[in-house]
Amino acid sequence: MLALILAATIAASPGGADVSGRCAEALAALARAGTVEATSKGNAVNLAGTPLQLRARVEEARQAGPQWVAGIAVQVAVRGNASALVEGAVGVGASRAEAVDTAILEWANLAGVALIRAVAVRERSKEVFSVGRVGVYPGFAGIRGSQALSWSLASNRQLVTLMAPALSGLAPGQLHGLSVSILVDGKGPVRGECRLDGVASPAAFASAQRYPWPRSKETYMLRQYYVLQPGSKAPPKPGS
């Protein structure tokens with residue numbers, strides 16, 4: 001249902017609207033679908049009283065056989081501060097426009113959900129957890145390929161805990177972004193990349209490789225985005 005709401009919002013965007021504005025509209029629609037007060041105007045979003053500015057661009061769009069593939073990059077500034085909240089997304093479609101629309105939808109699910117949880121829902125989120133003194137807000141996971149991977153809140157916690165040493169130097173008082181891309185096949189080593197504040201982090205990826213990724217004859221890929229808040233500790237969940 002959520003995907004349908006987002007798809008309808010993106011499809012209804014004015015034809016001349018730039019990618020930043022369309023990402024802003026998608027983020028606001030996603031928040032409202034989760035009963036968070038949100039409005040958008042141009043590339044600005046107000047999430048429950050917190051102003052955000054989005055800067056998005058199409059990094060690449062090309063035809064691959066009968067399909068188009070488009071990649072976008074989106075940077076989000078919270079309360080006007082220069083922000084490290086950067087995430088990319090890739091979309092596929094029958095046309096360039098459709099591929100860009102799909103990429104916006106992918107970004108909203110990966111990073112938009114994490115942003116809403118970190119900025120508006122905060123400790124009321126059922127998905128928030130802490131690793132040391134870092135509050136962690138995950139977005140929706142993007143999984144392609146084999147169904148061998150079962151992904152949950154516990155999986156997120158286990159993965160980020162492994163990466164804790166790479167997060168120890170994060171500056172407090174601001175939000176940070178952690179992007180994880182993992183590719184697993186039946187034979188070779190786990191491949192992929194982790195990006196911290198938009199910059200590749202070999203240390204974080206080396207730690208992510210230690211996660212017990214299940215092996216399968218089929219290749220699968222996981223993408224996961226987290227918003228991190230140093231200096232905070234999520235409250236314990238009931239029964240924990």
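A short reminder: the numbers here are calculations on the coordinates, not readings from a lab. Owing to the predicted nature of the structure, the values given are computational and were not obtained by experimental measurement. Don't worry about glycine lacking a Cβ; one is built from the backbone with ideal geometry, like all the others, and counts go over all protein chains shown.
A few points about this structure:
- Packing rank of 171-179, 99-107, 188-196, where each peptide gets the mean count of other beta carbons within 10 Å, highest leading: 99-107, 171-179, 188-196
- Size descriptors for the chain (Cα atoms only): Rg and Dmax, in that order, 17.5, 53 Å.
- Computed 3J(HN,Hα) for region 39-48, one whole-Hz value per residue from the Karplus formula 6.51 cos²θ - 1.76 cosθ + 1.60 where θ = phi - 60°, is 9, 9, 8, x, 9, 9, 10, 10, 9, 6, glycine and proline marked x.
- Estimated FRET transfer efficiency (Val92, Asp18; beta-carbon r; R0 30 Å; 0.05): 0.90
- log₁₀ of I(q)/I(0) at q = 0.10, 0.18 Å⁻¹ - region 2-123, Debye sum with one point per alpha carbon: -0.27, -0.85
- Note that region 94-102 has calculated 3J(HN,Hα) couplings of 6, 9, 4, 4, 5, 5, 5, 4, 5 Hz, one per residue in order, obtained from phi through the Karplus relation 6.51 cos²θ - 1.76 cosθ + 1.60 (θ = phi - 60°); glycine and proline are x.
- Estimated [θ] at 222 nm from DSSP helical runs (n ≥ 4, -39500 (n - 2.57)) normalised by residues in the chain, nearest 500: -7000 deg cm²/dmol
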